[in-house]
Amino acid sequence: MIGSVQPLADAVGDLKASVAAVADRIGKSADAQVLQPGRLVRWSAHGRLRALCVEDCIVVDGHGVLVSGWQLASGEPMRRFGLCIDGESLLDPREHPRLCMDREDVRCAFADEVGTESIPPGARLGFCVFLPAPTLPASGVVTVVCEDDSASRKFVAVPQRDDNAIRSFVARQWPWLRSWLAEYGVPHLGPAWIAALVTAAPADVDPRRLRLAVDYAVRIPGGGPLLSGWWIEAADQPLHLLACTSKGHSVELGARAVRNFRPDVYQALKKEYDLRHLELGFIARLPELEPFDPEDKLAIVCYTSTEILGVIPVQWRESDAQPMREIERLMSLFSPSHPEIQRILGEHIGPAVERLWRARARIEPRIDQYPFGPQPRAPELSIVVPIYGRWDFIEYQLALFRKDPDFQRHELLYVIDDPQIFEAVLLHMRNLYPLFEVPFRIVYAHENRGFAGANNVGAACASGEFLLLLNSDVMPRSSGWTQALVASFKRLPNPGALGPRLLYQDGSIQHAGMRFVRAPHCADLWINVHPGKGQPAATDPYRAPVEVEAVTGACMLIPRAIYHEVGGFDEDYVIGDFEDSDLCLKLRQRGYRIYYEPGVELYHLERQSQHLIGDPSLRGKITLYNGWRHSRRWGQIIAQHAGGAHG
């Protein structure tokens, strides 16, 4: 029964005992009495019985108090309630308190005394009333003023502010509160009230007024929860959705979310709700709910200007211990062609992926090295080749390197970045060295660190003055190319990095330097492009080294000291995109210059292992994310200097 937390028989017994205990002490006194929770006060006026019990006096910080309980009137009920603070009376301007709840327990308790005809079944004896007050004492008491048609009564009440009292109040008075809170303004509530809605309000929503489902809810480390789902609302009045936590934090979900297409929901419910569009889904990252901890509860309060439709609990989970699996799920939530893709990346998916990737285990790698053949002492050049998935390219490269005597004095490092292939690679390499007699080392860090991480591991193991960062699918056309690159680098003014010309198998240009352009088809991000790509090599206008905006990491020469000076490749790009242009921009920021050397040519089979990482749709979305991150970091600098170098 609303307003009673005990079975009816127990409640009636408690009320009768309370009446007997206080009747002699209070009688007809008009002096102020202390109204503690559950305390009954009774009197008579003009032969009519009056009884009042205040069960709650709950503070709404900065606004007033909510008073609830019940009253008994043999005749007209109490007309007005109000507060008296520091001698100033603040009466509720409404003529009557809100008699909004049946109190069968009260009717039964007083039936013998006043007669059942005076309190008919279903009499609405319970009341809830908000008593506004601009200021309230931080502690102590306030005076509740009650008026009937003949006199005023004053009672000293002890306001309750603690979280438990507010939660209990919300649970017991929810039918009345759901209207009052909507009128008052749910977002204006303090943290204790928001927390009470999450933990104490019942989860009842009329499906004819609202359908809401959260399909995906995960806690992003340090970034609050990220939600995805759908909602359908009735068109009779505007709907508001407030995401709340048991800590009392809240944010307007409707304003924060990006709506997206949900054809599955549309097909399932279009007839039931007469749906006219597909934009029923939403994506929302909610950093405003931080700190959001593992023990916190999450709910969505759905309300209009007149009532709270319901409080919907959200079952969330921790992000996957394997960040790439969680990133794949995030990438499935949106379409790259969404008209608000920039907002999706900038406010929701982008920051979430960034935090997930950064939160992955960052322990110092345990690096093992396996030398094959006599290792060169004090090499001028260290060549770092990361290996993921396809390790057959090692054999092709060694077969070509065998023809180049320079490789007897180079330090050649193959960094195995795929634990699944390590044992097979190591076993096979024992047969390859006697066949080709090219000295090399296998470097193994016991985990997949990605393109950037693998190159950084290799650079940490290298000892040469120069680093040559080389993809496993890059093959030389002739001997002497490494020395030609180093010699060219030494002749250039203030060089930071140098890249050669890379060709496709048919001899057309794959890389002749890179430049930055905006991509309207790709969220208007800055991307790096390869001028002349696919054109015959003879069309390349350059015959000597030329300064360019960036060069590819597929084959890049850089002094080892400078590589470490700028921090090497940034490992926060996912899988492998934009690390090379990011490195070039870091070099340019330090005052170094980037050059393209057309006089050195190699073949590049291009992206021979990236097809092993997920489906093409996932790969494209990860590239989009990396482009967003790159543009956010370097966009202003690129815009200022784009076109300042050839390329």
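Figures for the structure shown
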quantity: Total charge dipole magnitude, the stretch 213-289, about the Cα centre, Cβ charges on Lys, Arg, Asp, Glu only, Debye to nearest 20; calculated: 240
quantity: Rough spin-label spacing in nm, given labels placed 7 Å along Cα→Cβ, for GLN342 and ASN448; calculated: 3.4
quantity: Two-site label geometry, ASP524 and ALA203: point separation in nm, points 7 Å out along Cα→Cβ; calculated: 4.1
quantity: Virtual paramagnetic centre 7 Å along Cα→Cβ of GLN375, amide N under 13 Å, in the stretch 447-463; calculated: 458-463
quantity: Net lengthening on full extension, ASP615/SER179 (0.36 nm per residue, minus Cα-Cα); calculated: 152.0 nm
quantity: Principal semi-axes in Å for the stretch 483-538 [√(5λ), Cα gyration tensor, largest first]; calculated: 26, 18, 7
quantity: Whole-Hz couplings from phi, Karplus 6.51/-1.76/1.60, listed for the stretch 327-338; x for Gly and Pro; calculated: 5, 4, 5, 4, 5, 7, 8, 9, 10, x, 8, 4
quantity: Cβ-placed point charges (K, R +1; D, E -1), dipole of the stretch 359-427 about Cα centre in debye, nearest 20; calculated: 100
quantity: Evaluated at q = 0.12, 0.22, 0.24 Å⁻¹: base-10 log I(q)/I(0), Debye formula over Cα of the stretch 515-584; calculated: -0.43, -1.15, -1.23
quantity: Distance violations [Cα-Cα > 31 Å] among LYS271/LYS297; LYS586/LYS621; LYS533/LYS621; calculated: LYS271/LYS297
quantity: Length released on extending from GLU465 to LEU275, taking residue separation times 0.36 nm less the Cα-Cα span; calculated: 61.7 nm
quantity: Estimated FRET transfer efficiency when R0 is 45 angstrom, pair ARG430-THR539 (beta carbons, to 0.05); calculated: 0.50
quantity: Computed magnitude of the charge dipole of the stretch 196-352 (debye, nearest 20; Cβ of K, R +1, Cβ of D, E -1); calculated: 300
quantity: Per residue accessible area of the stretch 420-466, 1.4 Å probe, in Å²; calculated: 41
quantity: Spin-label pair SER508/HIS188, simplified geometry with 7 Å Cα→Cβ offset, distance in nm; calculated: 6.7
quantity: The stretch 448-555: projected area of the alpha-carbon convex hull, averaged over directions, in nm²; calculated: 9.0
quantity: Long-range amide H partners of PHE127 with built H, under 5 Å; calculated: GLY69, TRP70, GLN71, CYS100
quantity: Calculated from backbone phi, Karplus (6.51, -1.76, 1.60) coupling profile of the stretch 395-408 in Hz, x at Gly/Pro; calculated: 5, 4, 5, 4, 5, 7, 5, 4, 7, 10, x, 4, 6, 6
quantity: Between the stretch 404-469 and the stretch 161-204, the alpha-carbon center distance in angstrom; calculated: 63
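The values are calculated or read from the model by the stated rules, or taken from the named source; none is laboratory data. Predicted model only: the values in this text are computed from it and were never measured. Ideal geometry is used to build each Cβ from the backbone, glycine not excepted, and the neighbour counts take in all protein chains shown. Quick note on the areas: whole protein, heavy atoms, side chains included, nothing else; ligands and nucleic acids left out. Shrake-Rupley method; radii C 1.70, N 1.55, O 1.52, S 1.80 Å.
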